[in-house]
Amino acid sequence: MVSKDAFIAANRFGLGPLPLELDVIAKNPRGWLKRQITAEQKTPSLLQNLPNVAEIMSTYTRNRQMGNRGQNRGQGNRGGGNRQRGGNTFRQQQGQDYIDSVYSRTLNMIQTPAPFAEHMVKFWSNHFTVSNASRKIVGPIAVAYETDTIRPHIFGNFEDMLIAVAQHPTMLIYLDNHISMGPKSQMATNPRGGDGRARARGLNENLAREILELHTLGVNGGYTQTDVREFAKIITGWSFGGRGGGPEGPNGFRFKRWFHEPGPKTLLGQTYDSGTVNDGLDALKMLARHPSTAKFVATKLVRHFVADEPPASAIKKIEGVFTESTGNLAKVSEALIDLEEAWQSPFDKTKTPYELVLSTYRALDTGKPDKKYLMQTLGELQQTPFKASSPAGWPDVAKEWLNPETLMRRIEWMRALAAKLPRSVKPEELFADTIEAVASKQTKFWVKAAPSAEEAIALILASPEFQRR
Amino acid sequence: MLISRRDLLKTAGSATVLASASPGLVFAAAPTNKRFVTIILRGGMDALTAVAPYADPNYARLRSFLSLGKPGEKNGALDLNGHFGLDPNLSYLEPLYKKGELAILHAATTNYRGRSHFDGQNVLENGTPKPYGTDSGWLNRSLELMTDGERRVGLSVGHAVPLMMRGKTDVQTWAPSALPKAEGDFLDRLMRVYEGDPVFEHALKQAMKSAALSAGVTDGIGKVNARSTSLKIMAEAAGKLLAKTNGPRIAVIESGGWDTHAGQHLLLRNKLKELNIGLEAFQQHLGDTWRETVIVVVSEFGRTVAANGTRGTDHGTGGLGFILGGAVKGGQFIGKWPGIAEQHQFQGRDLAPVNDYRSLFKTVLHEHLGLAEGKIEDAIFPDSRSARMFSGLIRRA
């Protein structure tokens, strides 16, 4: 028998049930979730053939050099002409690559047999947001970033994920760290030193601030403006590619010591003075283990998996597990599943537009959605992946998503989609496969009383039960 | 020539004299005929580019490659008063200032002194002195004093309702869409389904009411590129709705992407152009009601005085407010000006926040919309008595 618990496991923790899947989950909802927690996370086959970061970066660097030469060196028309030709095709290709990569990522989430694991990918990817809303990062690099930094660590260690994120070219570009240099660094004091190219010289605090505010301690986590500056100095030289006199790291990371601010720096009372990449690594490890981080991360997880107003009791439990296990995310994930608070009501959370689209296609079993249509839909519903408007990522509470206009867009989309579905989609089956176990009297009544199959389907999809998790 | 601050304030006709606590105007129970629009620029607009103190001898030195040229030079500032000039991309605003329909509040922010976008925006919108101090917005609390029954006096344009406009009082909403509309009888049936879920039921009722109110007014706007959130589209819809007899009177619009840490020149140029076009569209679509209108443009904070190491600026404190419209006594800078030299900077890096946005908002609520001072202090901007209102900003009809 399908139970409320199966509904919660499938929707709150998963990404919505596939047809007939609720019956399977119902046998052991918590067990079904826990079986998805495996330390080894293979890259899903749909994502294996996407360009990797090295390929993307080499295209990026090549085109950027071609495009910017004229502008930077003031060579006028000749360089400008180059930029035009190289730039336009490059941009089109990048745009197409972006669409292809987001489509593959979304298709994988629609088809996955491990939706709790994918839900975690989505959660952490949002916690460590990169976005091309400002067109700073381009092409398929956001999906490559997620594959490189988030996926391997969803059930690994928070610290490893944090370091992978902070060293990835995508994050370094998105929050400007690759061009940040110490005011007293070799590059800054000798602008034609190093790689011989003149450029603006000095610090950029963007990444340092957001790591403290959004990735680790939280805005009230106990750091000051001075800590932001000092941390920014600690991670000067964290860059990628090219020359720069330092060792290479994973995913093309390179510590460019010519960019690095010399001398001791103090972050949260601790001094870092090795002048190497280890200072930044040590600082990140310290931040990952900081009590404020445990509290901040626990609060976000509980808000996501329990309720918009996260209960203090649940936060405390997750915070405790996070601290005791030094950020072991397998243990933290298990603890989330074990939270009593998460199983009390099936409706405490409202699906984001992306979650709504994923769960709709998972439930419908009508094959792959059309690429262009899917991307248009995500755009209309205001949640195209990797387009969040700020590094804080997408909001995680209903009041940000359930506005009159956003609700009407959801309804309009679901109504239009229902009209397009093949006759093989039967409302009774869809109802049983999705919300029957938790449906209210009036939902049951009006779905049954619908004048046509397509309206019945639209009512199921637009019902509060289907839009909540 | 070196202009002293005293001279400057004189030449700018700046009203530094704060309004004395005058007895409150009659409390307005009926919807006003005045229009008030707030545009929130999210990310922290660089105030010293938008309105540059180009004649300050420290300006070119401190801002180096970010500084605008002198008026008349290539890419030069558009002069306002011999000391300040607009970024050339804000060309619509220059004649407006000269006509007396644009005032500028420089070196302003809320009482928030941190540098988090999210906390800063929260304070700007909730109206209390603290991030997350309350979960309603000050603009919505103002509506409580102006709403008459079912009438929608408030208008939120854009997909999400900004915190500033959230609260007890229902508002009209509008957002562009390219999706086909759902049939009325389907929505009626869906409403019956939603009866058991107050949140969904309320949102759908509001959406249906808003659709009815916008019908025939905003048709076709944003259809071509519904995903575009450009200010021009939003301003067109808002302008047309506000211009309606019995339409909404108080609107909010948000615009993202103002966080310019690197390569600021290009990023900001595009954003300022968008703002310029959007404001111009506003006046056009407001038509005659422009005379009754005050538009306020604000951002959670300003940015550092000096450029950072990557051709951009980091989060700062003192920012900027534009106040425009036919009901504005423009052609002036209001508030104080701290100067930009090192010794005048806030914490040795930011434009000093010597003016308070709440002074501006309170002035508009009191003098333009006629809300009682006591109500403003108690319910709309609690604990803001230190932020005194400005006099001489609103035209007396």
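The values are calculated or read from the model by the stated rules, or taken from the named source; none is laboratory data. Fair warning: this is a prediction, and the values are worked out from it, not measured in the lab. Don't worry about glycine lacking a Cβ; one is built from the backbone with ideal geometry, like all the others, and counts go over all protein chains shown.
Some points to look at:
- In this entry, A:T323 passes the filter for residues that are touching a residue at least 24 places away in the same chain (Cβ under 8 Å), surrounded by fewer than 22 Cβ atoms within 10 Å (Cβ to Cβ) and in a helix (DSSP H, G or I).
- Among the residues making up region A:377-424, a single one is of a type in the set (K, R), part of a loop (DSSP other than H, G, I, E, B) and either over 17 Å from A:A453 (Cα atoms) or facing another protein chain (nearest Cβ under 9 Å) (or both): A:K387.
- Taken together, the residues in region B:305-344 that are farther than 18 Å from B:Q283 by Cα and either within 14 Å of chain A (Cβ to nearest Cβ) or not small (G, A, S) (or both) amount to 24.
- Members of region A:369-409 found to be over 22 Å from B:D197 (Cβ atoms) and among the hydrophobic types (A, V, I, L, M, F, W, C), listed by number: A:L374, A:M375, A:L378, A:F386, A:A388, A:A392, A:W394
- Evaluation of A:L214 against (1) surrounded by fewer than 24 Cβ atoms within 10 Å (Cβ to Cβ); (2) more than 14 Å from chain B (Cβ to nearest Cβ); (3) in a helix (DSSP H, G or I) (one fails), failing number: (2)
- Subset of region B:104-133 that is over 16 Å from B:S384 (Cβ atoms) and in a strand (DSSP E or B) - its residue that is farthest from the other protein chains (Cβ to nearest Cβ): B:I104
- Checking each residue in region B:218-238 for being among the polar types (S, T, N, Q), at pLDDT 60 or above and more than 22 Å from the chain's Cα centre (by Cα) picks out only B:T218.
- Tabulated pairs, region A:383-398, first touching a residue at least 24 places away in the same chain (Cβ under 8 Å) and more than 11 Å from A:S134 (Cα to Cα), second surrounded by fewer than 19 Cβ atoms within 10 Å (Cβ to Cβ) and not aliphatic (A, V, I, L, M), C-beta under 7 angstrom, 6+ apart or interchain: A:A392/B:F118; A:D396/A:R303; A:V397/A:D308; A:A398/A:D308
- Hits in region B:40-80 (condition: of a type in the set (S, T, Y) and in a loop (DSSP other than H, G, I, E, B)): B:Y54, B:S67
- Residues being at negative phi, more than 14 Å from chain A (Cβ to nearest Cβ), more than 14 Å from the chain's Cα centre (by Cα) and of a type outside the set (K, R) - total across region B:273-304: 11
- Helices (runs of 4 or more DSSP H) wholly inside region B:184-272 containing at least 3 residues that are within 9 Å of another protein chain (Cβ to nearest Cβ) and of a type outside the set (S, T, Y): B:184-194, B:198-214
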